[in-house]
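Okay, handing you the structure first.
The values are calculated or read from the model by the stated rules, or taken from the named source; none is laboratory data. What you see is a predicted model; the values in this text were computed from it and never measured. Backbone-built Cβ (ideal geometry, glycine too); neighbour counts: all protein chains shown.
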Amino acid sequence: MPSRAKRHDFKSHIIEEYYITEEPFYLPLKDEIALFEAAYAEKIPVLLKGPTGCGKTRFLEYMTYRMSQKELTKQESDHHHNHTGIPLITIACHEDLTASDLVGKYLLEGDTTRWVDGPLTRAVKSGGICYLDEVVEARKDTIVLIHPLADHRRSLYIEKKGEVLEASDRFMLVISYNPGYQSILKNLKHSTRQRFIAIEFTHPPRDVETKIIQHEAGVSPELAARLAWLGEKIRNIKEQDLSEVISTRLLIYAARLVKEGIPARRACEVAAVWSITDDQEVQKSLKEVVTAIFE
Amino acid sequence: MNSDQHPMDMGNIFDNFTVESRSDKNYHGIELSTVEPVLQIYCQALTGREILFKEGKTHLPYLRNTWWTQLIAGSADNDRITVFLPASFTGYTTYDENFAWYKSAATQQVCHIEFGSYDFCFEKEAQLFENLRYQIKGEEVEGTSDFGKYFSLFENRALAARAFVSMENARINYLVKHHYPGLKKSYTRMQEDALLALEITPGITLRNIFCILAEGIEFDAVSAIEIDSLYEPLRAASEIVVRLCHPSASVEDAAEAAIRIYRIARTLPENRVYIPGYSDEDRETTGYSGDLDEFSGNFKLDDIRLDIEQRNNPGRRTSVPLTAEELKKLADMKIGISDVSDADSLPSTGLSSADLPRGVNIYQFPQSKYSQIDRYHPDDINQPTVAEDDEKLFRYDEWDFRTRQYISEWCCVHEKVISEGNSYFFDSTLERRKSLLSEIKKQFEKLPAEMLYKAKNLEDGDEYDLDLVISELIDKKAGHTPTGKVYWKKQKIHRDVAVAFLLDMSGSTADLIKKNRPPMQYEESIKYDFMKFVMQQHRRIIDVEKETVVLLCSAIELLGDSYGIYGFSGHGHNNVQYLVIKDLNESFSEKIKRRVDQIAPIHGTRMGSAIRHTITKLDACGNSLKLLFLVSDGYPQDHMYGWDDDDKQYAINDTKMALIEATRRNIIPFCLTVDSSGTDYLRSMCQDIGYEVLDDIEALPERLPMLYKKLST
């Protein structure tokens, strides 16, 4: 009799207690690790720029783990009793994200009220890395809220409580966006941009991407190399024909489908062709590239 | 290959390269124009470069050497190559096989860029062979290119070039099949067919046969020819080719392999091989004129372009810059192309055709900003580019999908306000279509009611917002001063729309509207048609367009939106007529009524420039919602709109790009056609852009205002 799946096979974390405990797989492209470490040491906020699926979030997870390990080593040497790493607090930005959603709000509790910190406040207090993903999606008046946190003040103003929070030394603000598909209307204000150093990401070179696909999907180096080759070819197509090129993530999906027994051509068609364009002519051309690379 | 079959019977699939009738049910052939857009993007993916496609007049087996022929002519390098393909291909029995042939032939040509044939560097060491280049004492030639230095090592440079091209072809063929295993089957078939077809070349020397066969050693083409004296040399050559066929082989490896092949070839006699059954007359009819043609692929001068401006572009990356001096030297080496008699001076080099030795084939195009000079038409010279008194001139780029580039300022748009007639047409249409107008107005009057949205955080409004009230109470309990902003109410969205209607005023809009008649016997139908002719009022497509304009004006005036109505036509790229019926910033008046009267069919349909000009007009408006309606009666077509008068693909692609440009400027375009066959081209022209095909043109006056209503809300 087949065993039944566990009813509660998920894990739940309090947002400021979400630690990266296992080393995420990350292959550096340039000097981004050194840059991030330097920025963290100097308490400089970081902006991660790059196309969809090129590894921005993975990089941040990796750096959080790395900084956590350093912090733990430091705590051990300082004979701290409570060993805690650095939490990663992620906030997905969207149009309806309000200042209250970030900072916190009062809630009714019986006959009284209780203040509940928002994720940004919790990150500031706990000394975590606060990651505002796709920051340009948030309204400009909401983004302004992070300005005092992103300059020399490193402070969060909580208007409703009449409080100013000075961030812990371990706190770091990281924002990300994809400059490719954002419209002019949704660009970052200069006053926001100029509070961050920017690390730019591109798609990894073929040999690096091969290793990533191989590791992430658990496929043979040959298949990974062919998929990386396909990725490189698709990225050759110019903007007039393809507004957003294929991500490493989609190549990994294709590899996983192949691993599950889907023929390579079909896997690439659904993961690498249809996912990135609706233009029939471009689809046909991409399929020709796929059928050339895969038997 | 079937061993029982005589080699001379093979390889003549190319005899079937005739364009058969499309009506033939067994027709599986492909015309290049139908697959070119797909292949172009495919080749761009392979190389990362913009690839120009050209219909090749070359004998097909020689297509494999076009990379070299272009290199010699200075028209190809790391950044550009022209892919030569036949206008149609019917060599095989199925569509898929024929398409696979096209794909393989294109891959073979562009992979010379992908795998670095043009990257040859004399100083760079080969990895798979010992570097003999540095051991040979060649002729000291200063200032030559890398290829120049290399060929100066050889006494018989023509033979050395053959050896090099053969080895480089072999390397590329191997790499294509290694990196693109999905192509392997069709690619090998193409290779075999091409090389086997070469065997019948009459008068070819034994040395040249050796070089050609060395290229085909990998699939045992050796067995296809029965010349005993070649057996041992080919066996020796096979060892070289096997070593060369390696995933890491570079062009320098091919060059080293070529030195070894050259040495073997030099041991062979210089005999020409005459094949029984092929006389001199045969040579003339087959188009062969000996070794040079065999090598060059029988190229004619109009097959090769020398894009002077691209050569002079300082930003262009090239590893093999061939100067005039080098061209001349290469020509001296007799590794060039067939004779030309009418090549003029080369602007980039100052070299005249008289200075060039026989054997160099250079075709000069007139100076221009772009390379499609053969699109110039004598008529163009006299086309007006000077504004008349009441005209304003505007220049716009045009998109060439083949080169995947804009042709800078190629089109001249002549904008002028249409002349005025009388207001009878306008008024009589209002009277005649009273009931339809009333219906449209009713629909439009409903619009303000539909333009409401829920405004929150208000101090006063229709009702409480429960979330805000709770939040307010909590804040109050927490000791904060309430804001009082707990209401919501429906608020009207201020309409901020600018719309431009672009009407096709081409000659074809003069066509009479044909109504479908019920099925009937022949005699009855004659009678029916005659009676219809006598009884019915003859309405043209343009008349329905005019009627639509009348209804639109009356309806949109109700809303107070900013709207413009423009007509376009023209004759050639320098004469795109853009007629203003009502400008965007102009108020409706009696003048407009009189202008509508003058809407009439003119010439062609150069849609791209007309759309671009309308974009400019809409761009100047500060409105938050901008719409562009294109109303046409057929696909875009104009004098020399493309590479000839009937280059449908070019015109469609230019229009498509203009529509994309509109979306990039936050303008919403919509195409409406009354051409019942419009679905075919609108699907590819519009892609994600909205379009509609009206089966019944009489529905236009009703449909267009409704579409406008839908899009503007």
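Could you figure out which of (1) of a type in the set (V, I, T); (2) part of a helix (DSSP H, G or I); (3) touching a residue at least 40 places away in the same chain (Cβ under 8 Å); (4) touching a helix residue (DSSP H, G or I) at 6+ places or on another chain (Cβ under 6 Å) isn't true of B:I652?
Of the numbered conditions (1) of a type in the set (V, I, T); (2) part of a helix (DSSP H, G or I); (3) touching a residue at least 40 places away in the same chain (Cβ under 8 Å); (4) touching a helix residue (DSSP H, G or I) at 6+ places or on another chain (Cβ under 6 Å), the odd one out for B:I652 is (3).
Please identify the pairs in which a residue from segment A:55-76 that is crowded, with 18+ Cβ neighbours inside 10 Å has its Cβ atom under 6 Å from the Cβ atom of a residue that is assigned to a helix (DSSP H, G or I), counting only partners at least 6 apart or on another chain.
A:M63/A:F36; A:M67/A:Y40
Given segment A:77-140, what strands (runs of 3 or more DSSP E) lie entirely inside it while holding 2 or more residues that are more than 14 Å from chain B (Cβ to nearest Cβ) and under 30 Å from A:P51 (Cβ atoms)? Spell out the reasoning first.
Numbers: elements: A:88-92, A:104-109, A:112-117, A:129-133.
So the answer is A:88-92, A:129-133.
Does any residue of segment B:594-617 turn out to be small (G, A, S), in contact with a His (Cβ under 6 Å, 6 or more places away or on another chain), under 24 Å from B:L700 (Cα atoms) and not assigned by TED's automatic domain parsing to the domain that holds B:P37?
Keep residues of segment B:594-617 that are small (G, A, S), which gives B:600, B:604, B:608-610.
Filter again for in contact with a His (Cβ under 6 Å, 6 or more places away or on another chain), leaving B:604.
Then keep just the ones that are under 24 Å from B:L700 (Cα atoms); that gives B:604.
Then keep just the ones that are not assigned by TED's automatic domain parsing to the domain that holds B:P37; that gives B:604.
Looking for residues that are small (G, A, S), in contact with a His (Cβ under 6 Å, 6 or more places away or on another chain), under 24 Å from B:L700 (Cα atoms) and not assigned by TED's automatic domain parsing to the domain that holds B:P37, one finds at least one in segment B:594-617, hence yes.
Can you tell me which residues in segment A:258-295 are more than 10 Å from chain B (Cβ to nearest Cβ) and closer than 23 Å to A:D207 by Cβ? Show your work before the answer.
At the first step, the residues of segment A:258-295 found to be more than 10 Å from chain B (Cβ to nearest Cβ) are A:258-263, A:266-276.
Passing the criteria: A:V258, A:K259, A:A267, A:C268, A:A271, A:A272, A:I276.
In segment A:212-224, is there at least one residue being hydrophobic (A, V, I, L, M, F, W, C), crowded, with 18+ Cβ neighbours inside 10 Å and assigned by TED's automatic domain parsing to the domain that holds A:K43? It would help to see each step written out before you state the result.
Of the residues in segment A:212-224, the ones hydrophobic (A, V, I, L, M, F, W, C) are A:212-213, A:217, A:219, A:223-224.
Add one more test, that the residue is crowded, with 18+ Cβ neighbours inside 10 Å, and what stays is A:212-213, A:217, A:219, A:223-224.
Applying the additional criterion that residues be assigned by TED's automatic domain parsing to the domain that holds A:K43 yields none.
No, segment A:212-224 contains no residue that is hydrophobic (A, V, I, L, M, F, W, C), crowded, with 18+ Cβ neighbours inside 10 Å and assigned by TED's automatic domain parsing to the domain that holds A:K43.
Here's something else I'd like to know. Please go through segment B:406-428 and pick out each residue that is of a type in the set (F, W, Y) and closer than 28 Å to B:G642 by Cβ.
In the first step, residues of segment B:406-428 are kept if they are of a type in the set (F, W, Y); the result is B:406, B:410, B:424-426.
Passing the criteria: B:Y406, B:W410.
For (1) assigned to a helix (DSSP H, G or I); (2) in contact with a Ser or Thr (Cβ under 7 Å, 6 or more places away or on another chain); (3) on the phi < 0 side of the Ramachandran plot, each residue gets a yes or a no:
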{"site": "B:R402", "(1), (2), (3)": "no, no, yes"}
{"site": "B:E409", "(1), (2), (3)": "no, no, no"}
{"site": "B:E415", "(1), (2), (3)": "no, no, yes"}
{"site": "B:N422", "(1), (2), (3)": "no, no, yes"}
{"site": "B:S428", "(1), (2), (3)": "yes, no, yes"}
{"site": "B:E439", "(1), (2), (3)": "yes, no, yes"}
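Shifting gears a bit: Sort out which residues of segment A:228-251 are crowded, with 22+ Cβ neighbours inside 10 Å and away from chain B (no Cβ under 13 Å), and write them in order of number.
Answer for segment A:228-251, where residues must be crowded, with 22+ Cβ neighbours inside 10 Å and away from chain B (no Cβ under 13 Å): A:T248, A:L250, A:L251.
Output the residues belonging to segment B:641-660 that are more than 15 Å from the chain's Cα centre (by Cα) and buried (at least 17 other Cβ atoms within 10 Å of the Cβ).
Quick first cut of segment B:641-660, residues more than 15 Å from the chain's Cα centre (by Cα) only: B:645, B:659-660.
Answer for segment B:641-660, where residues must be more than 15 Å from the chain's Cα centre (by Cα) and buried (at least 17 other Cβ atoms within 10 Å of the Cβ): B:L659, B:I660.
Determine which single condition B:Q70 fails, assuming it passes every other condition in (1) assigned to a loop (DSSP other than H, G, I, E, B); (2) under 25 Å from B:E256 (Cβ atoms).
(1)
Moving on. Could you go through segment A:276-284 and let me know if any residue there is under 26 Å from the mean Cα position of the chain (by Cα), surrounded by 18 or more Cβ atoms within 10 Å (Cβ to Cβ) and polar (S, T, N, Q).
yes
Would you be able to tell me the number of residues in segment B:638-666 that are of a type in the set (S, T, Y) and either more than 15 Å from B:A610 (Cα to Cα) or modelled with pLDDT under 80 (or both)? Spell out the reasoning first.
Keep residues of segment B:638-666 that are of a type in the set (S, T, Y), which gives B:641, B:650, B:655, B:663.
When the remaining residues are screened for being either more than 15 Å from B:A610 (Cα to Cα) or modelled with pLDDT under 80 (or both), the result is B:650, B:663.
Qualifying residue count for the region: 2.
Whether any residue in segment B:460-474 is more than 40 Å from the chain's Cα centre (by Cα), closer than 30 Å to B:K546 by Cβ and surrounded by 12 or more Cβ atoms within 10 Å (Cβ to Cβ) is what I want to check.
no
Moving on to the next point. Any residue in segment B:523-534 that is at pLDDT 85 or above, surrounded by fewer than 12 Cβ atoms within 10 Å (Cβ to Cβ) and assigned to a helix (DSSP H, G or I)?
Looking through segment B:523-534, none of the residues is at pLDDT 85 or above, surrounded by fewer than 12 Cβ atoms within 10 Å (Cβ to Cβ) and assigned to a helix (DSSP H, G or I).
What residue, of B:K485, B:K416, B:K489, is at pLDDT 80 or above, closer than 28 Å to B:Y578 by Cβ and surrounded by 14 or more Cβ atoms within 10 Å (Cβ to Cβ)?
So the residue among B:K485, B:K416, B:K489 that is at pLDDT 80 or above, closer than 28 Å to B:Y578 by Cβ and surrounded by 14 or more Cβ atoms within 10 Å (Cβ to Cβ) is B:K416.
Being among the charged types (D, E, K, R) and touching a residue at least 40 places away in the same chain (Cβ under 8 Å) is the filter; apply it to segment B:58-100 and report the residue that is farthest from A:V289 (Cα to Cα).
Taking the candidates together, the pick is B:D77.
If we only count strands (runs of 3 or more DSSP E) wholly inside segment A:143-182, which ones have 1 or more residues that are charged (D, E, K, R)?
In segment A:143-182, A:163-166 are the strands (runs of 3 or more DSSP E) which contain 1 or more residues that are charged (D, E, K, R).
Could you tell me whether B:A658 is among the hydrophobic types (A, V, I, L, M, F, W, C) and more than 14 Å from chain A (Cβ to nearest Cβ)?
Considered against the rule, which asks whether it is among the hydrophobic types (A, V, I, L, M, F, W, C) and more than 14 Å from chain A (Cβ to nearest Cβ), B:A658 comes out as no.
Yes or no, residue by residue, for (1) under 25 Å from B:D696 (Cα atoms); (2) part of a strand (DSSP E or B); (3) among the charged types (D, E, K, R); (4) at pLDDT 90 or above:
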{"position": "B:F588", "(1), (2), (3), (4)": "no, no, no, no"}
{"position": "B:A600", "(1), (2), (3), (4)": "yes, no, no, no"}
{"position": "B:S609", "(1), (2), (3), (4)": "no, no, no, yes"}
{"position": "B:H613", "(1), (2), (3), (4)": "no, no, no, yes"}
{"position": "B:L618", "(1), (2), (3), (4)": "no, no, no, yes"}
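Yes/no per residue for (1) surrounded by fewer than 17 Cβ atoms within 10 Å (Cβ to Cβ); (2) among the acidic types (D, E); (3) in contact with a His (Cβ under 8 Å, 6 or more places away or on another chain); (4) within 22 Å of B:K456 (Cβ to Cβ):
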| residue | (1), (2), (3), (4) |
| --- | --- |
| A:L88 | no, no, no, no |
| A:T98 | yes, no, no, yes |
| A:T112 | yes, no, no, no |
| A:Y131 | no, no, no, no |
| A:R139 | yes, no, no, yes |
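Condition first: outside any helix (DSSP H, G or I) and either outside the structural domain of A:N236 (by TED's automatic domain parsing) or of a type in the set (A, V, I, L, M, F, W, C) (or both). Now tell me which residues in segment A:273-290 satisfy that.
Once the filter is applied, which keeps residues that are outside any helix (DSSP H, G or I) and either outside the structural domain of A:N236 (by TED's automatic domain parsing) or of a type in the set (A, V, I, L, M, F, W, C) (or both), segment A:273-290 yields A:W274, A:I276.
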